[in-house]
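Okay, so here's the structure we're looking at.
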Amino acid sequence: MSGYGALCLCLSPLLQPKLINSTANFRTHRPSLPFRSHRLSPVSRSQPLLPQATSITSSASDFPGEHVAGDAERKPTARRPKRRSVAGVDQEELVEPRELADADSFFCEFNGVEIHYKICHHAEIAEEEEVREKDRRVSPKVTITFPIILLHGFGASAFSWDRVMKPLSRLVGSKVLAFDRPAFGLTARRTVRSGNDDDDSLARPLNPYSMTFSVLATLFFIDLVAAARKKKEEEKAILIGSICLHSAGCLVAVETYFEAPDRVAALILVAPAIVAPLTLRRIDKEKEMRKGNLKEDGDSNLLIASLNPFMRIWKALKNLYMHLLEGVLSILKGMRDMICSFYTKALSALLRSAFASMLVRMIIDKFGILAIRYSWFDPSQVTDHVLQGYTKPLKTKGWEMALLEYTSALLTDSSSKPPLSGRLAQISCPVLIITGDSDRVVPSWNAEHLSRVIPGSSFEVIKNCGHLPHEERVEEFLFVVESFLRRVFGFLDEQLIPAAA
């Protein structure tokens, strides 16, 4: 049979108008793989090869009661990313710190870092606002010529001193300045360049998040407010430090005193988180007793050694043992330095990772507002204005990076200075320590122990007050500060406390 006859035979079922039983087709039709042979089965001869195809682009009339979207309606809409927020602050559009400045904000550059600060002067305040009759005070005949530098605590900024800056300026008749330390407030965030080269480390600038930088910045602002002083002995300042959570304002104030004691007229420590040595006096007594016992033992040993030859051999072995022990200790010291170096590098790498940045965002988001309320004796007094003031720095670019750099500098500080707890007894300037009786962040008993360690210091407790006396109990705070300054610098009794602005 010719090829044309075979083709006609295959197509003959399609050309015949035969009615096909649908039930039989349903039972006999099986889907199969693509054809491997041109031979047709008996079943395939009795039914069409291809079923009737349905048009993909069917019209709406083919589906009554169902709306089919057109091409214009089928265009996918761009999905907007979810807006992230930390402690209620949107993180999608962060700005430079200078763009968030207040009307009374100032900026200056110190060691390559733009620092934000605020300053009040008694003369300027008197010109700008009228003093109400109930706030009018008798001007003191003896005024303090020293300005006041305010140091904020961890997580705070110059905003925390807003309620007391003007009253303090009226009180002392001089300038009062508060500045934001790096990593906080509106001070610029700067990336710390990490390097392993010793040659590079010599040219590397000072870490702006270190304690040394904060101390030098404090001395810089003392020079700034004391620039107009005529006498050299007046180029001092009263440092008031507030501490929140870990070492911050009070530590900076005390370290500034040890760096330049002739530049600090007095220290006022508010809720200090400086750990006071509880066994200082006991240790001193034990040292004195040991010295006396050693003298007595030394005299008796010399007498015995001169009489007994075995004691001479024992003494020689003891000296040999001490030399070996010194060698072992030197090796252990080298191993300790190596481990500390490895720990510092590993911790710095961890804190600079993306995981640490994500973790700090989660912590601030979950516990940031809670920590602010926890610092107050009465959390109901924490207004929206207070919350906005504390969360405002979260709008700046790189805030989480700066916070991690500050933490890294705090944990990996390799200062050669002796521990601060052993130097507190060397403070000789007037010191006032203020704490709240209900401070849940830094217990008041720690401040009491600290006042016993610092010679001649004054200790005051404000009742029904939490961790922030200068915000929660403004009038009581000013009364305590004025009483201290009157006693130290010779205020007259006619002076009264200026009310909080």
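Given the protein chains as shown and a 1.4 Å probe, how many square angstrom of MET335 are accessible, to the nearest 10?
90 Å²
Applying the Karplus parametrisation 6.51 cos²θ - 1.76 cosθ + 1.60 with θ = phi - 60° to the phi angles of segment 315-320, what ³J(HN,Hα) value in whole Hz is obtained for each residue in order, glycine and proline being reported as x?
Listing the rounded values in order: 5, 5, 5, 5, 5, 5 Hz.
For a quick check: with amide H placed at 1.01 Å from N, whose amide H comes under 5 Å from VAL86's, ignoring anything fewer than 5 positions away on the same chain?
Under 5 Å from the amide H of VAL86 lie the amide H atoms of GLN91, each far enough along the sequence or on another chain.
Computed FRET efficiency, Cβ-Cβ of CYS340 and PHE106, R0 30 Å: what is it to the nearest 0.05?
Efficiency for this residue pair is about 0.15.
For ASP439, enumerate residues with amide H under 5 Å from its amide H, sequence gap 5+ or separate chain, H modeled in the peptide plane.
Here SER444 satisfy the definition.
The values are calculated or read from the model by the stated rules, or taken from the named source; none is laboratory data. As the structure is a prediction and not an experimental result, all values here were calculated from the model. For neighbour counting, all protein chains shown are included, and Cβ atoms are generated from backbone atoms with ideal geometry for every residue, glycine included. Ligands, DNA and RNA are excluded from the accessible area calculation, which covers all protein heavy atoms including side chains. Shrake-Rupley method; radii C 1.70, N 1.55, O 1.52, S 1.80 Å.
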